[in-house]
Amino acid sequence: MKGLLMKDIILLRPQLKIYLIILVFWFLIAMWNGQPGFFGGLMAMFALMIPMTTVAYDDNCKWPAFALTAPVPRFKLVLSKYVILFMTMLVLSVIIFIGSLVMGEDVSGSFFLTVAMFPFGMIMASVLLPIIFKFGVEKGRFAFLAFIAFVVAAVVAGGRKLATLTEDGNIVGSLLSMNRGMMIGAVVLVTAAVAVISIVLSKNIYDKKEF
């Protein structure tokens with residue numbers, strides 16, 4: 001596993017300057033508008049690029065076919081992408097926290113924003129990775145964009161009902177009235193469940209692939 005992670009980190013190293021420029025550019029835009037939440041959301045979406053890039057590199061270099069000649073289980077090849085994703089989200093969470101503090105958010109607000117964006121990025125990537133393993137990076141990207149469009153359309157379509165859904169006694173209203181500790185715990189459990197399901201799906205897909 002350590003070797004797989006080192007391989008991905010070395011592959012990503014040439015892109016580091018480009019990533020830093022993107023991060024600084026987005027940070028300046030968010031600071032100009034005074035919107036730390038906007039910056040946090042962009043960082044969470046940015047996290048999707050990292051595992052996608054590593055899978056693209058692997059496909060271009062025919063890495064899976066080579067790796068399977070070595071005593072490396074397919075499960076570890078899949079799991080390494082999720083570990084890279086988790087490491088990326090940890091780094092970006094620190095950036096989100098510090099960035100929101102610089103933009104004037106208090107410690108409590110910065111922490112809550114960070115805690116909210118971490119599962120958002122993890123869940124989105126957990127949806128993306130099985131699609132990429134199934135269809136490849138290019139087709140998987142389009143399938144994922146279609147999924148995002150569907151989610152956005154569903155949110156917009158249900159937006160008019162939000163007011164009625166948040167009334168007292170309603171499930172959504174109860175969720176919104178939860179204290180932050182309970183909400184964070186619930187989000188962590190949901191994120192972990194989605195990640196585990198995603199790993200299982202990716203493993204099953206990868207086990208059936210021929211290289």
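Details
- Computed from backbone phi, the HN-Hα couplings of region 6-17 come to 4, 4, 5, 5, 5, 5, 7, 4, x, 8, 4, 4 Hz, rounded to whole numbers (Karplus: 6.51 cos²θ - 1.76 cosθ + 1.60, θ = phi - 60°; Gly and Pro given as x).
- Calculated FRET value between N204 and I21, using beta carbons and R₀ = 45 Å, to 0.05: 0.75
- Taking the three principal axes of the alpha carbon atoms in region 1-123, the coordinate ranges are 53, 25, 19 Å, sorted in descending order.
- The protection proxy used here, the mean number of other Cβ atoms lying within 10 Å of each residue, ranks peptides 54-62, 25-33 as follows, highest first: 54-62, 25-33.
- Highest mean first, the peptides 107-117, 3-13 sorted by other C-beta atoms within 10 Å per residue fall in the order 107-117, 3-13.
- The lysines whose alpha-carbon is closer than 21 Å to the alpha-carbon of K76, local same-chain residues fewer than 8 away aside, are K2, K7, K62, K134, K203, K208, K209.
Bear in mind these aren't lab numbers, they're just calculated from the coordinates by the rules spelled out. Not measured: the values here are computed from a predicted model. Virtual Cβ from ideal backbone geometry, glycine too; neighbours counted across all protein chains shown.
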